[in-house]
Amino acid sequence: MAWNLVPVWSGDFDFFGRQRDLFSDWLEHFDDDWRAASFEDSRRRFDRELDRVRRELHRMDAEPHTLDVQQPFITDPSGNRKLSLRFDCSAFKPEEITVKTLDNKLNVHAKHVEEGPGRKIHQEFTREYTLPENVDPKKLKSHLSSDGVLEIEAPAPKAVEAPKEVLIPIEHLHSKGSSEKKEEK
């Protein structure tokens, strides 16, 4: 007669239950701050940390996807009033970024996927913005700067009051050593 051996597991089969089961084995590897407290205090702290990880594990993006811009209009140095929105897309290649409208909703989406042996990187960015009344979605224009800032603009309706944008020149400071070298020449 042949016997089949079946392993028996008496603990939780989920990841967090297994981490709790292994806590006593790991405690000796934790830093002194963990070991200085009583075992039960350390265990409770560990449980709180696991609960925090569980809550935050699938939260990919803490920022809301829908933008609420209080003052989206500016007056540029030439005196033109326009809608102006900027997005940091520096982590994405130009071909990974899409800008589209559906009725009066502007949608900016960027997605980067990189795969290699034993690894996969997935980064995604989505923002939605409800265009103000009288802004024509067909007149939106987008520009991507060399440093990855995506700017979306459209002419503003005539009735819109927009603050005047003032460009402030940037003074470039040189290190003390570089100014001394200039004086020597």
ask   = Somewhere in the stretch 112-119, is a residue surrounded by 13 or more Cβ atoms within 10 Å (Cβ to Cβ) and at pLDDT 90 or above?
value = yes
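Residues are listed down the side, and each one gets a yes or a no for (1) modelled with pLDDT of 70 or more; (2) within 30 Å of GLN123 (Cβ to Cβ); (3) in the same structural domain as LEU144 (by TED's automatic domain parsing):
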site: SER10; (1), (2), (3): no, no, no
site: SER24; (1), (2), (3): yes, no, no
site: ALA37; (1), (2), (3): yes, no, no
site: ASP47; (1), (2), (3): yes, no, no
site: ALA62; (1), (2), (3): no, yes, no
site: SER78; (1), (2), (3): yes, no, yes
site: PHE87; (1), (2), (3): yes, yes, yes
site: SER90; (1), (2), (3): yes, yes, yes
site: LYS93; (1), (2), (3): yes, yes, yes
request  = Quick one: which residue in PHE39, PHE73 is of a type in the set (A, V, I, L, M, F, W, C) and touching a strand residue (DSSP E or B) at 6+ places or on another chain (Cβ under 7 Å)?
outcome  = PHE73
request  = Filter the stretch 158-185 down to residues that are among the basic types (Lys, Arg) and in a loop (DSSP other than H, G, I, E, B) and give me whichever is modelled with the highest pLDDT.
outcome  = LYS158
remark   = Out of (1) out of contact with any Phe, Trp or Tyr (no Cβ under 7 Å at 6 or more places or on another chain); (2) within 30 Å of LYS164 (Cβ to Cβ), the one LEU102 does not meet is (2)
ask   = Checking ASP103 against (1) at pLDDT below 85; (2) exposed (fewer than 10 other Cβ atoms within 10 Å of the Cβ); (3) more than 30 Å from PHE15 (Cβ to Cβ); (4) over 21 Å from the mean Cα position of the chain (by Cα), which test does it fail?
value = (1)
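Let's see how each residue does on (1) outside the structural domain of TRP26 (by TED's automatic domain parsing); (2) within 30 Å of GLY17 (Cβ to Cβ); (3) assigned to a strand (DSSP E or B):
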position	(1), (2), (3)
LEU50	no, yes, no
ASN107	yes, no, yes
LYS111	yes, no, yes
LYS120	yes, yes, yes
ARG127	yes, no, yes
SER142	yes, no, yes
SER146	yes, no, no
GLU151	yes, no, yes
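The values are calculated or read from the model by the stated rules, or taken from the named source; none is laboratory data. All figures in this text were calculated on a predicted structure; none of them were measured in a lab. Here the Cβ is made from the backbone with ideal geometry for all residues, glycine too, and neighbour counts use every protein chain on show.
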